[in-house]
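Chemist: Input: one structure, supplied below.
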Amino acid sequence: MWLFVSVHVLCALFSTILATNPGFRLRITEDGLNYANQVAVDLVTKKVKTTKLPDENGDGKNLDIRNFQPPRSSITLASESDLQWKATNLALEIDGKFHYKYKKGIIRLSGGGSVNVKFSDISFSVGVNLGVDGSGKPTIKAGKCSCDSGPVKVKFRGGLAWIYNLFSGKVGKIIASQFQSKMCGIIQDLIDKNAQESLSTIKVEVQLGEFLTLDYRLLAAPTVTSEYIEADLKGEIFWKSDKSEAPFTPPAMATITDNKKMVYITLSEYIFNTMTYQAHKHNMLVFNLTSQNIKSKDDALNTTCTDICIGKLIPQIGKSFPNSKVELHMKSSKPPVTSITDGNLGVAAQGDIDLYARKPDKTLHHLFQIAGTGSIAVKLTINETVIHGSVEDMKIKLNVSKSSIGPVNEKALQFLVDSAIKTTITPMLNDLGTKGFPMPSTDNLKLNQFDFKLLQNTMLIETNLKYIPEPTKIKSTVLKFIPIAQFKSINNV
């Protein structure tokens with residue numbers, strides 16, 4: 001039952017089975033199980049109160065559960081099954097109608113009345129088995145279930161009720177037996193149908209943008225310990241039409257030492273590096289910086305100006321291509337690499353920048369090519385349930401690799417690029433960063449009081465959960481990866 005609640009996290013939040021380490025890991029602690037238990041009791045209570053008991057041999061009809069006292073319940077880690085769900089001190093009151101007919105010779109009797117059944121100290125225990133199917137989807141199945149109850153009190157009223165009351169003990173046992181059987185059926189249905197049906201709808205591959213997909217199938221059945229349940233997921237991003245593996249493996253993620261929150265989600269830097277690997281491999285990391293991108297009155301990409309521009313910093317450009325605009329055509333030469341260390345997230349990138357002069361007649365003329373090596377320090381912040389990124393520091397080192405206009409003053413060029421970083425590139429990246437990285441959520445399950453930490457090779461998300469029984473229908477954000485849209489926009493510039 002607990003997985004009926006926690007599965008939605010697998011659907012909020014990110015090699016093959018042979019991978020040494022996962023790219024994504026999910027841990028549910030005892031607090032998470034206890035919360036799932038509370039939700040499970042609420043669901044059972046609601047289910048029981050609307051359950052109709054079957055008529056008894058045509059004599060007992062319209063049996064309704066009048067009062068239901070929720071039990072003291074717990075979900076614990078077990079040995080015979082992965083989990084054991086137990087409940088005690090459940091109380092129940094049932095009202096119904098009875099009817100009797102008697103015919104022998106000339107004697108004919110008929111009538112009816114009402115019946116009230118009270119029984120207390122109901123208890124049940126059910127095993128919960130966790131697994132994984134052949135496609136990497138999680139599975140959940142109810143194990144052995146038992147239900148028991150204390151003394152049953154039955155009271156008939158109306159007609160010849162006094163006769164029925166003589167047999168109230170036997171009738172009470174029949175009704176108690178029916179309810180015990182029904183109770184196990186309710187519990188097992190919640191696990192085998194509700195929870196498993198929810199799990200069966202999970203996609204182990206989700207599309208990210210137009211070209212990329214995220215593989216987050218389970219690598220094995222969840223691991224159960226005395227303190228938590230933990231699941232390792234693939235966590236690799238592929239090209240949609242090319243499922244070839246990245247030429248590197250996931251590093252070991254940092255060990256989680258805290259179990260105070262309900263759920264811990266660890267994302268390896270491997271996820272981000274497989275994304276940038278595929279983006280580079282398929283020529284997505286291409287961007288053209290032109291005057292249209294510069295929101296400044298003084299355009300540094302002019303070849304003719306009265307102040308400071310590239311035409312003055314590199315005189316041969318201004319002389320050979322007056323009244324023109326310079327364009328920077330940038331393309332990655334190696335896949336960018338994301339590195340996460342304690343408290344820090346950085347990106348290292350290498351690329352080639354070709355500078356062109358676009359003359360007033362719209363013709364394009366090559367000027368020179370720059371080999372660039374860049375490093376970016378990223379600052380992460382939280383706004384409600386979205387992680388936002390901003391550039392804290394950005395440096396690009398340049399050297400001219402080939403030139404069509406003769407020797408180029410690299411100091412002047414570095415000054416120009418540093419200015420572009422400050423006035424154009426950094427603000428543009430920060431604007432993209434405001435869209436953020438939304439945490440997994442569904443209509444029913446939301447992350448609550450969440451935080452994150454940057455550890456060695458790892459982004460750790462710590463969160464509690466909030467279950468919403470009857471939410472307003474909204475679009476799910478499970479594993480919605482906003483940054484992919486950025487690649488698409490860059491590629492189309």
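The values are calculated or read from the model by the stated rules, or taken from the named source; none is laboratory data. All values reported here derive from a predicted model rather than from experimental measurement. Positions of Cβ are generated from backbone atoms using ideal geometry, with glycine treated the same way; all protein chains shown enter the neighbour counts. Side chains included, ligands, DNA and RNA excluded: accessible areas come from the protein's heavy atoms. Shrake-Rupley method; radii C 1.70, N 1.55, O 1.52, S 1.80 Å.
Chemist: Between Asp64 and Leu364, what is the label-point separation in nm under the 7 Å Cα-to-beta-carbon projection?
Modeler: According to this spin-label approximation, the distance is 7.7 nm.
Chemist: Let me ask you something else. In nanometres, what is the gap between the two model label sites at Ser241 and Lys170, each 7 Å from Cα along Cα-to-Cβ?
Modeler: In this crude spin-label approximation the distance works out to 7.7 nm.
Chemist: So what's segment 303-356 giving for Rg/Rh, alpha carbon basis, Kirkwood Rh from the mean inverse pair distance?
Modeler: 1.26
Chemist: At 0.36 nm per residue, minus the direct Cα-Cα distance, what do Thr255 and Asp148 gain on full extension? Give it in nm, one decimal, please.
Modeler: Difference between extended and current length: 34.3 nm.
Chemist: Same structure, new question: Computed from the coordinates I sent, Rg and Dmax of the Cα atoms in Å equals one of (i) 31.7, 111; (ii) 33.4, 127; (iii) 33.5, 131. Tell me the label.
Modeler: Of the labelled values, this structure produces (ii).
Chemist: On to the next question. At 1.002 mPa s and 20 °C, plugging the Kirkwood radius over alpha-carbon pairs of segment 236-287 into Stokes-Einstein gives what diffusion coefficient in µm²/s?
Modeler: It diffuses with D of about 164 µm²/s by this estimate.
Chemist: Output needed for segment 307-415: three equivalent-ellipsoid semi-axes, defined as square roots of 5 times the C-alpha gyration tensor eigenvalues, in descending order, whole Å.
Modeler: Output for segment 307-415: semi-axes of 34, 15, 13 Å.
Chemist: Out of all Cα-Cα pairs in segment 111-172, roughly what percent, to the nearest whole number, are more than 13 Å apart?
Modeler: Every Cα pair in segment 111-172 considered, those over 13 Å come to 72 percent.
Chemist: Which one, Phe287, Val263, Tyr277, is farthest towards the positive end of the dipole of segment 255-308 when Lys and Arg carry +1 and Asp and Glu -1 on their Cβ?
Modeler: Checking the options against the dipole of segment 255-308, the answer is Val263.
Chemist: Something else: At 1.306 mPa s and 10 °C, plugging the Kirkwood radius over alpha-carbon pairs of segment 96-203 into Stokes-Einstein gives what diffusion coefficient in µm²/s?
Modeler: Estimated diffusion coefficient is 92 µm²/s.
Chemist: Continuing with the same structure: Using packing as a proxy for protection, rank 415-424, 361-370 so that the peptide with the highest average count of other Cβ atoms within 10 Å comes first.
Modeler: Result, highest mean first: 415-424, 361-370.
Chemist: Gain in length, Phe248 to Asp192, computed as 0.36 nm per residue apart minus the alpha-carbon separation, to one decimal in nm?
Modeler: 16.3 nm is the gain from fully extending Phe248 to Asp192.
Chemist: Ok, one more. Determine, from the Cβ-Cβ distance of Lys319 and Gln414 and an R0 of 25 Å, the FRET efficiency 1/(1 + (r/R0)^6), rounded to the nearest 0.05.
Modeler: The value I calculate is 0.75.
Chemist: Here's a follow-up. Apply 1/(1 + (r/R0)^6) to the Cβ-Cβ distance of Glu227 and Lys453, taking R0 = 30 Å, and write down the FRET efficiency to the nearest 0.05.
Modeler: 0.95
Chemist: Let's test this: bin the Cα-Cα distances of segment 97-139 at 10 Å from zero up to the farthest pair and state each bin's percent.
Modeler: 17, 18, 16, 14, 16, 13, 7, 0
Chemist: Here's something else I'd like to know. For the pairs Lys240/Lys281; Lys281/Lys453; Lys97/Lys170; Lys47/Lys446, flag any whose C-alpha to C-alpha distance is greater than 19 Å.
Modeler: Going by Cα-Cα distance, Lys281/Lys453; Lys47/Lys446 fall outside the 19 Å limit.
Chemist: Ranked highest first by the average count of other Cβ atoms within 10 Å around their residues, in what order do 110-117, 264-271 fall?
Modeler: Output ranking for 110-117, 264-271: 264-271, 110-117.
Chemist: How many Å² of accessible area per residue for the chain, probe 1.4 Å?
Modeler: Heavy-atom accessible area per residue stands at 50 Å².
Chemist: May I pose another question? Can you list the lysines whose alpha carbon is less than 26 Å from that of Lys319, not counting same-chain residues fewer than 8 positions off?
Modeler: Correct list for Lys319: Lys295, Lys297, Lys359, Lys362, Lys402, Lys411.
Chemist: log₁₀ I(q)/I(0) of segment 212-322 at q = 0.23, 0.24 Å⁻¹, via Debye over equal Cα point scatterers, no solvent, to two decimals?
Modeler: -1.23, -1.29
Chemist: A further question on this structure: Ignoring any ligand, DNA or RNA, what whole percent of the accessible area of the chain comes from carbon and sulfur when the probe is 1.4 angstrom?
Modeler: 52
Chemist: Here's something else I'd like to know. Computed from the mean reciprocal separation of all distinct C-alpha pairs, what Kirkwood hydrodynamic radius does segment 207-251 have, in Å?
Modeler: After inverting the pairwise mean of 1/r, the radius is 12.4 Å.
Chemist: Give, rounded to the nearest 20 debye, the magnitude of the charge dipole that the chain has about its Cα centre when Lys and Arg contribute +1 at Cβ and Asp and Glu contribute -1 at Cβ.
Modeler: Using only the charged Cβ atoms, the result is roughly 1780 debye.
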